[in-house]
1. Could you please find all residues in region 52-87 being open to solvent by 60 Å² or more (accessible area, probe 1.4 Å) and on the phi > 0 side of the Ramachandran plot?
2. Of all residues in region 1-59, which are charged (D, E, K, R) and either in contact with a Ser or Thr (Cβ under 8 Å, 6 or more places away or on another chain) or closer than 20 Å to PRO76 by Cα (or both)?
3. For region 68-87, what are the residues that are touching a Phe, Trp or Tyr at 6+ places or on another chain (Cβ under 8 Å) and in contact (Cβ under 8 Å) with a residue 24 or more places away in the chain?
4. Can we say ALA49 is of a type in the set (A, V, I, L, M), open to solvent by 20 Å² or more (accessible area, probe 1.4 Å) and either under 14 Å from THR97 (Cα atoms) or at pLDDT 95 or above (or both)?
5. Output the residue which, of all residues in region 88-102 that are open to solvent by 20 Å² or more (accessible area, probe 1.4 Å) and touching a residue at least 24 places away in the same chain (Cβ under 8 Å), is nearest to SER30 (Cα to Cα).
6. Which one is farthest from GLU6 (Cα to Cα) among residues in region 105-115 that are in contact with a Phe, Trp or Tyr (Cβ under 9 Å, 6 or more places away or on another chain) and surrounded by 14 or more Cβ atoms within 10 Å (Cβ to Cβ)?
7. Given the residues SER56, SER25, which is the only one that is under 18 Å from THR68 (Cα atoms) and hydroxyl-bearing (Ser, Thr, Tyr)?
Amino acid sequence: QVQLVESGGGLVQAGGSLRLSCAASGRIFSTNTMAWYRQAPGKQRELVALITGGGSTNYAASVKGRFTISRDNAAPMVYLQMNSLKPEDTAVYYCNTFPVQPNYWGQGTQVTVSS
């Protein structure tokens, strides 16, 4: 049984930074592609960033150059460093595999960026 637990969210002013963490337990193999997703109020959940087992990354256009995804396969943990935050980054952030496994969704972590 896989469990993903996100943490690190909070309230930050525009231009600030946050680092999100995702702790994985269960059978998350180091070869799995992991990803961060977010869901803003009234909007669909969207892919923010992903990282393959080999460390290749890809980002949504809206966060490219500001966010950095990384992973520690030994832990196992997945991280999202978010810099130059904007009010439009306000959302609940989740980690999951890519493609998603619907039964892996955790509670997410709230990120609120004030202007």
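The values are calculated or read from the model by the stated rules, or taken from the named source; none is laboratory data. All of these numbers come straight from a predicted model, not from anything done at the bench. Using ideal geometry, Cβ is built from the backbone for each residue, glycine included, and neighbour counts are taken over all protein chains shown. Surface accessibility is based on the protein's heavy atoms, side chains included, excluding ligands, DNA and RNA. Shrake-Rupley method; radii C 1.70, N 1.55, O 1.52, S 1.80 Å.
1. GLY65, SER84
2. Step one: list which residues in region 1-59 are charged (D, E, K, R), which gives 6, 19, 27, 38, 43, 45-46.
Hits for region 1-59 are GLU6, ARG19, ARG27.
3. ILE69, ARG71, VAL78, LEU80, GLN81, MET82, ASN83
4. Values: of a type in the set (A, V, I, L, M): yes; open to solvent by 20 Å² or more (accessible area, probe 1.4 Å): no; either under 14 Å from THR97 (Cα atoms) or at pLDDT 95 or above (or both): yes.
In short, no.
5. Step one: filter region 88-102 for residues open to solvent by 20 Å² or more (accessible area, probe 1.4 Å), giving 88, 90, 92, 94, 98-102.
Of the ones still in play, those that are also touching a residue at least 24 places away in the same chain (Cβ under 8 Å) are 88, 90, 92, 94, 98, 100-101.
On the way: GLU88: 32, THR90: 30, VAL92: 25, TYR94: 19, PHE98: 13, VAL100: 16, GLN101: 16 Å.
Going through the qualifying residues, I end up with PHE98.
6. Taking region 105-115 and keeping what is in contact with a Phe, Trp or Tyr (Cβ under 9 Å, 6 or more places away or on another chain), we get 105-111.
When the remaining residues are screened for being surrounded by 14 or more Cβ atoms within 10 Å (Cβ to Cβ), the result is 105-106, 108-109, 111.
On the way: TRP105: 10, GLY106: 7, GLY108: 5, THR109: 6, VAL111: 11 Å.
Top of the filtered list is VAL111.
7. SER56
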